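Down below is the structure, laid out as structure tokens.
The values are calculated or read from the model by the stated rules, or taken from the named source; none is laboratory data. Keep in mind the model is a prediction, meaning the values are calculated, not measured. With ideal geometry, Cβ positions are generated from the backbone for all residues, glycine too; neighbour counts draw on all protein chains shown.
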Amino acid sequence: MTLLKKTVAELQTLLHNQEVSVKELTEATFARIAKVDGDVQAFLTTTEEEAFAKAEQLDNQPNAERGPLFGLPIGIKDNIVTKGIVTTCGSKMLENFVPVYDATVVEKVNDAGMVTVGKLNMDEFAMGSTTERSAFKQTHNPWNLAHVPGGSSGGPAAAVAAGEVLFSLGTDTGGSVRQPAAFCGVVGMKPTYGRVSRSGLVAYGSSLDQIGPITRNVEDNALLLSAIAGVDRRDSSSSSLAVPDFGAALTGDVKNLKIAVPKEYLGEGVAKEVKDAVIEALKVLESLGAKWEEVSLPHLKYASPAYYVIATGEASSNLARFDGIRYGYRPVDAKNLEEIYLRSRSEGFGEEVKKRILYGTYALSADHYDDLYVKAMKIRTLIAQDFAKVFENYDVVIGPSSATPAYKIGHLLNNPLTLYANDVLTVPVNLAGLPAISVPCGFTEGLPIGMQIIGKHFDESMLYKIAHAFEQATDFHTSTPTIGEGN
Ligand code: GLN
């Protein structure tokens with residue numbers, strides 16, 4: 001049996017007792033990647049050389065210095081910068097970009113003794129919901145290769161689901177950790193805005209972006225968030241609130257907790273199988289002593305349009321730095337400065353990114369700013385107030401992570417408005433800056449379904465508590481796709 005099928009707790013014991021070396025675990029990881037990634041296509045870059053150098057260094061470390069994440073393999077979404085390792089953001093613009101520093105989260109996983117084994121595929125600049133917008137490859141859903149893994153963190157979710165890594169880091173601007181986690185049957189946490197430093201994350205929508213862990217189960221997720229969270233002097237929006245030990249929240253006790261279920265989250269547009277699975281999940285939580293009631297988030301219907309105005313507005317400004325001078329792609333035969341700007345951006349960016357830069361520029365232009373951007377910001381406030389009102393009486397909000405299971409590859413490629421509308425269950429959380437986790441809660445036709453638990457600002461512990469209690473009472477998280485089994 002491959003070492004990667006063991007639980008993190010089992011591996012910790014083996015590594016701490018030196019019954020397995022970090023080198024052996026790293027070898028097993030690359031063997032698994034070699035076996036299945038031809039089909040899954042989750043990795044854009046694998047980093048054998050750096051990983052084995054790190055493994056050797058770790059194997060010489062005394063036992064007393066070995067923490068809970070020591071020696072464990074992790075994959076990183078390719079919009080998080082890694083010193084000396086190409087970081088493409090899934091874009092031709094950054095195809096050959098080698099950062100000179102590590103993102104804060106990368107420093108933190110390194111300091112925890114984790115072994116980075118590669119960079120994972122994504123929609124270009126994190127704009128998308130299917131990973132079909134990567135300039136380089138199509139990642140496949142390990143449960144059914146004809147389906148998308150979700151996006152934009154499709155690579156990170158698929159790599160964990162396919163057993164290629166135990167941990168990955170994704171990013172969530174409007175759902176890109178939770179939705180691919182749901183599509184791939186793994187656990188994905190979008191922390192409170194400010195909980196995790198964004199230093200070294202290539203910005204998409206800076207007021208919405210957060211980095212979050214993707215793992216096979218809730219316990220592993222809590223462990224990784226504890227390691228990456230905390231204030232950072234390189235990100236002035238990072239919070240100085242103390243980071244609790246999230247693992248301590250996993251008590252199994254959800255008695256008398258109050259759950260709000262917005263009727264909009266189980267309304268029109270949500271597939272019946274998804275609704276049924278979430279209602280069954282609520283019944284499980286009820287059997288454990290929690291109570292749930294229906295509520296309403298009246299402004300939810302405006303969330304997607306408001307999100308797309310704000311996110312594209314911020315993107316149009318953030319992506320202005322890619323001008324062919326400072327970073328990335330530049331045509332070698334450009335004849336003058338204007339041609340460098342023009343051709344670098346026209347040839348370096350893909351369709352979706354260019355479209356969003358245009359939308360965003362339009363929304364921020366003097367003639368449309370009041371009608372579009374200012375209005376979207378007002379809606380953002382109303383949505384945050386809707387949640388705040390619900391949280392006066394409830395501990396968490398629960399609904400599906402996505403209205404449907406994973407789409408077939410190509411199915412919605414030419415239907416961007418449907419794709420944008422399908423973000424309605426995830427984007428409100430980013431607009432309000434709240435934390436939310438997606439946990440597996442069912443299957444339909446062999447594809448996973450995810451339940452989303454949304455919490456108060458900085459109350460990730462409550463999300464882990466409920467998600468863990470649910471996980472212990474069910475066995476969805478123990479199912480794994482059959483990919484790579486047999487020969
Ligand atoms: N699907 C959303 C978008 O395309 C969310 C992306 C994200 O969270 N990075 O913007």
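Mind checking which residues of region 89-109 are more than 20 Å from Pro416 (Cα to Cα), of a type outside the set (Val, Ile, Thr) and touching a residue at least 24 places away in the same chain (Cβ under 8 Å)?
Restricting attention to region 89-109, the residues satisfying the condition of being more than 20 Å from Pro416 (Cα to Cα) are 89, 92-109.
In the following step, the residues that additionally are of a type outside the set (Val, Ile, Thr) were identified as 89, 92-97, 99, 101-103, 107-108.
Result: Cys89, Lys92, Met93, Leu94, Glu95, Asn96, Phe97, Pro99, Tyr101, Asp102, Ala103, Lys108.
Are there any pairs with C-beta distances below 6 angstrom linking a residue in region 257-277 that is farther than 21 Å from Ala388 by Cβ to a residue that is among the basic types (Lys, Arg), with the two at least 6 apart or on different chains, and if so which?
Leu266/Lys275
Hey, can you tell me all the residues within region 421-477 that are closer than 19 Å to Pro213 by Cβ and free of Cβ contacts under 8 Å to residues at least 12 places away in the same chain?
none
Can you report the number of residues in region 384-435 which are in a helix (DSSP H, G or I), more than 15 Å from the ligand (Cβ to nearest atom) and not charged (D, E, K, R)? Quick ask: steps written out before the conclusion?
Going through region 384-435, the residues in a helix (DSSP H, G or I) turn out to be 384-391, 416-425, 427-432.
Still in the running and more than 15 Å from the ligand (Cβ to nearest atom): 384-391.
Then keep just the ones that are not charged (D, E, K, R); that gives 384-385, 387-388, 390-391.
The qualifying residues number 6.
Please tell me if Ala146 is surrounded by fewer than 24 Cβ atoms within 10 Å (Cβ to Cβ) and touching a residue at least 60 places away in the same chain (Cβ under 8 Å).
Working: surrounded by fewer than 24 Cβ atoms within 10 Å (Cβ to Cβ): yes; touching a residue at least 60 places away in the same chain (Cβ under 8 Å): yes.
Yes, satisfied.
Within 13 Å of the ligand (Cβ to nearest atom), touching a helix residue (DSSP H, G or I) at 6+ places or on another chain (Cβ under 6 Å), more than 20 Å from Tyr464 (Cβ to Cβ) and modelled with pLDDT of 95 or more: is that true of Ser438 in this structure?
When the stated conditions are applied, Ser438 does not pass them.
Taking Thr215 as the residue in question, decide whether it is more than 11 Å from the ligand (Cβ to nearest atom), buried (at least 24 other Cβ atoms within 10 Å of the Cβ) and hydroxyl-bearing (Ser, Thr, Tyr). Break it down stepwise before answering.
On the way: more than 11 Å from the ligand (Cβ to nearest atom): yes; buried (at least 24 other Cβ atoms within 10 Å of the Cβ): yes; hydroxyl-bearing (Ser, Thr, Tyr): yes.
Yes: the conditions hold for Thr215.
If a residue must be among the aromatic types (Phe, Trp, Tyr), closer than 24 Å to Asn144 by Cβ and more than 22 Å from the chain's Cα centre (by Cα), how many such residues does region 13-49 contain?
The first filter runs over region 13-49 and keeps only residues among the aromatic types (Phe, Trp, Tyr), leaving 30, 43.
With the extra rule that they be closer than 24 Å to Asn144 by Cβ, the set shrinks to 43.
When the remaining residues are screened for being more than 22 Å from the chain's Cα centre (by Cα), the result is none.
Qualifying residue count for the region: 0.
Out of all the residues in region 196-207, is one or more in a loop (DSSP other than H, G, I, E, B) and over 30 Å from Ser236 (Cβ atoms)? Write out each step before concluding.
Of region 196-207, the ones in a loop (DSSP other than H, G, I, E, B) are 197-200, 202-207.
Going one step further and asking which of them are over 30 Å from Ser236 (Cβ atoms), we end up with none.
The answer is no; no qualifying residue exists.
For region 89-110, state whether one or more residues are in contact with a helix residue (DSSP H, G or I) (Cβ under 6 Å, 6 or more places away or on another chain), closer than 26 Å to Arg321 by Cα and assigned to a strand (DSSP E or B).
Our first condition is that a residue be in contact with a helix residue (DSSP H, G or I) (Cβ under 6 Å, 6 or more places away or on another chain); within region 89-110, this holds for 89-93, 105, 108.
Narrowing further to those that are closer than 26 Å to Arg321 by Cα: 89-93, 105.
Narrowing the set further to residues that are assigned to a strand (DSSP E or B) leaves none.
No: region 89-110 contains no residue that is in contact with a helix residue (DSSP H, G or I) (Cβ under 6 Å, 6 or more places away or on another chain), closer than 26 Å to Arg321 by Cα and assigned to a strand (DSSP E or B).
Pairs, please: C-beta under 8 Å, at least 6 apart or cross-chain, first residue under 15 Å from Thr139 (Cα atoms) and in region 160-178, second among the acidic types (Asp, Glu) and away from the ligand (no atom under 13 Å from the Cβ)?
Ala162/Asp37; Glu164/Asp37
Here's the yes/no breakdown for (1) crowded, with 19+ Cβ neighbours inside 10 Å; (2) at pLDDT 95 or above:
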residue: Asp235; (1), (2): no, yes
residue: Leu241; (1), (2): no, yes
residue: Asp253; (1), (2): no, yes
residue: Pro262; (1), (2): yes, yes
residue: Tyr265; (1), (2): yes, yes
residue: Gly269; (1), (2): no, no
residue: Asp276; (1), (2): no, yes
residue: Ala281; (1), (2): yes, yes
residue: Ser287; (1), (2): no, yes
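So, in region 115-153, of the ones that are outside any loop (DSSP other than H, G, I, E, B) and within 11 Å of the ligand (Cβ to nearest atom), which residue ends up nearest to the chain's Cα centre (by Cα)?
First pass over region 115-153, keeping only residues outside any loop (DSSP other than H, G, I, E, B): 115-120, 124-126, 141, 144, 147.
Within this subset, residues satisfying the condition of being within 11 Å of the ligand (Cβ to nearest atom) are 124-126.
Working: Glu124: 14, Phe125: 13, Ala126: 10 Å.
Result: Ala126.
Condition test on Gln179, is it among the polar types (S, T, N, Q), more than 20 Å from His468 (Cβ to Cβ), outside any strand (DSSP E or B) and within 14 Å of the ligand (Cβ to nearest atom)?
Working: among the polar types (S, T, N, Q): yes; more than 20 Å from His468 (Cβ to Cβ): yes; outside any strand (DSSP E or B): yes; within 14 Å of the ligand (Cβ to nearest atom): yes.
Considered against the rule, which asks whether it is among the polar types (S, T, N, Q), more than 20 Å from His468 (Cβ to Cβ), outside any strand (DSSP E or B) and within 14 Å of the ligand (Cβ to nearest atom), Gln179 comes out as yes.
Which residues, counting only those in region 204-255, are over 17 Å from Gly455 (Cα atoms) and among the aromatic types (Phe, Trp, Tyr)?
Residue satisfying the conditions is Tyr204 alone.
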